[in-house]
Amino acid sequence: MDLFEYQAKELFAEYGVPVPKDKVANTAEEAREITTAFAAEGIPQVVVKAQVKTGGRGKAGGVKLAANAAEAREHAGNILGMDIHGHTVHTLWIEHASDIATEYYASVLLDRSAKKPLVMFSVEGGVDIEQVAEETPDALIRHHVDPLEGLSREEALAIATEGKADADVREGVADALVALYEVWLQEDATLAEINPLIVTPEREVKALDAKVSLDGNALYRHPENQSLADSENEDPLERRAKEEGVQYVKLDGDIGILGNGAGLVMSTLDVVAQAGGSPANFLDAGGGSDAEKIKQAVQLILANDAVRAVLFNIFGGITRGDEVAKGLIAAFDEIKPTVPFVVRLDGTNDVEGRRLLQEAALPNVHAAKTMNEAAEMVVALAAGKPVGAPA
Ligand code: GDP
Ligand code: MN
């Protein structure tokens, strides 16, 4: 769950990561008013920053310095509505402009293979950090933290020293690292990143940019962060699925997929892709899906207009084949789908399930014996080619 820069900076401020003074604006006029107010405090220069959940805003023209309120208004007008890598700008961040002497990089993330938090620091900041890692790997310090001990100030100071931060700002860098680690830890973030972490000519250390991703699965521990779960950017179908308690992820293809158990669904996606098809979704109906739940799942899959054929891949364990068949029959009764279905039923009560489907003689439903056969059938059907006789 990615946060906007301004949301990340609000968290930074809470934990003592130094950030410039700033305010959100939703219109060009608001940007002008904020800048006028800042100027009254003696700082007329601001940066107008597009709030979109993607990097490289600077290069795309979404970050502009303004010398005064009129300029801020003009930049705001230009940036609002701009498309940055497929994200439309609706919100701006108006920030006191900072003078920059040096740009560093700092981040905290979870290194899953090491099973430890990883703190990264580099004096080569302000640029794409993947590029630094590739071209000058020695300039990127990678330090694993003992998850039970946390990041001590001594450790942070050692990171700043090893990373060759200017000697006079190492204390400031260490403080910022410790505070950044606290944001990451306390907020259950998966990533907390500052690029650039700047040093001003006055030798102050400040986070000029902020990127925080929160672990959506830990949201229940942070009810105050619920409002950050920006539902306007969420896919409406995924939101509906979440409300219904269905494990659904929308994908870009045209073949609807339903299976029981995440592992089986993932293999189904692979097999469909191997057969030359493109899945429209991931949907795990879960164990013990009853008829009502299957009906709900079918409705969800078909609510995606891109779907041209649907594959049901059920391996009965806890889930009973006859229940799935009943659900499908009930769904067809109610929804009367216009796209073809391929059903592969195997395992618990599969014979009974297939018998029910046969008796119902649903229009445009095809039975397959194996997963590969099912995948090939559904790919052909999605492409508008006929396959065998309906089940
Ligand atoms: P990004 O391009 O999405 O990573 O956005 P950033 O917030 O990192 O801003 C891009 C670049 O704009 C930074 O690397 C800085 O070089 C520049 N920038 C941002 N804020 C200021 C500022 O207050 N003063 C100056 N001089 N440059 C800034
Ligand atoms: Mn940046």
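The values are calculated or read from the model by the stated rules, or taken from the named source; none is laboratory data. From a predicted model like this one, the values you see are computed outputs, not experimental measurements. Please note: Cβ atoms are built from the backbone with ideal geometry, for glycine as well, and neighbour counts cover all protein chains shown.
Key figures
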read-out	value
Residues that are surrounded by 11 or more Cβ atoms within 10 Å (Cβ to Cβ) and either without any contact (Cβ under 8 Å) to a residue 12 or more places away in the chain or over 23 Å from ALA207 (Cβ atoms) (or both), drawn from segment 139-151	ASP146, PRO147
Residue list for segment 304-329, filter: part of a loop (DSSP other than H, G, I, E, B) and closer than 24 Å to ALA275 by Cα	ASN304, ASP305, ALA306, VAL307, ARG308
Residues that are outside any strand (DSSP E or B) and aliphatic (A, V, I, L, M), drawn from segment 350-373	VAL351, LEU356, LEU357, ALA360, ALA361, LEU362, MET371
Residue satisfying condition, being at pLDDT below 95 and among the hydrophobic types (A, V, I, L, M, F, W, C), within set VAL127, VAL145, VAL123, VAL119	VAL127
Those residues of segment 34-51 which are buried (at least 23 other Cβ atoms within 10 Å of the Cβ) and either hydroxyl-bearing (Ser, Thr, Tyr) or within 16 Å of ligand 2 (Cβ to nearest atom) (or both), in sequence order	THR35, VAL48, LYS49, ALA50
Matching residues, segment 305-350, being touching a Phe, Trp or Tyr at 6+ places or on another chain (Cβ under 8 Å) and within 12 Å of ILE257 (Cα to Cα)	ALA309, VAL310, LEU311, PHE312, PHE341, VAL342, VAL343, ARG344
Check on LEU80, closer than 24 Å to ILE198 by Cβ, at pLDDT 95 or above and surrounded by fewer than 21 Cβ atoms within 10 Å (Cβ to Cβ)	no
Residue that is among the hydrophobic types (A, V, I, L, M, F, W, C) and out of contact with any Leu (no Cβ under 7 Å at 6 or more places or on another chain), where the choices are VAL351, VAL343, VAL324	VAL351
Leading residue by the ranking (surrounded by the fewest Cβ atoms within 10 Å (Cβ to Cβ)) among those in segment 294-317 that are free of Cβ contacts under 8 Å to residues at least 40 places away in the same chain and more than 21 Å from VAL351 (Cα to Cα)	ASP305
Selection count, segment 183-212, where residues are of a type in the set (D, E, K, R) and within 11 Å of ligand 1 (Cβ to nearest atom)	4
Qualifying residue in segment 17-40 (condition: touching a strand residue (DSSP E or B) at 6+ places or on another chain (Cβ under 8 Å) and on the phi > 0 side of the Ramachandran plot)	no
Single residue of segment 42-57 satisfying the filter (under 15 Å from LEU80 (Cβ atoms) and assigned to a loop (DSSP other than H, G, I, E, B)) that is nearest to ligand 1 (Cβ to nearest atom)	ARG57
Flag if VAL132 is within 16 Å of ligand 2 (Cβ to nearest atom) and within 22 Å of PRO18 (Cα to Cα)	no
Residues located in segment 58-77, provided they are outside any strand (DSSP E or B), surrounded by 19 or more Cβ atoms within 10 Å (Cβ to Cβ) and near ligand 1 (Cβ under 8 Å from one of its atoms)	GLY62
Meets criteria (on the phi < 0 side of the Ramachandran plot, within 24 Å of the chain's Cα centre (by Cα) and more than 13 Å from ligand 2 (Cβ to nearest atom)) for VAL119	yes
Candidate set: segment 1-33, residues that are among the charged types (D, E, K, R) and either farther than 26 Å from TYR181 by Cβ or more than 13 Å from ligand 1 (Cβ to nearest atom) (or both); chosen: the one surrounded by the most Cβ atoms within 10 Å (Cβ to Cβ)	ARG32
Filter result for THR136 (farther than 20 Å from SER213 by Cβ and free of Cβ contacts under 8 Å to residues at least 60 places away in the same chain)	yes
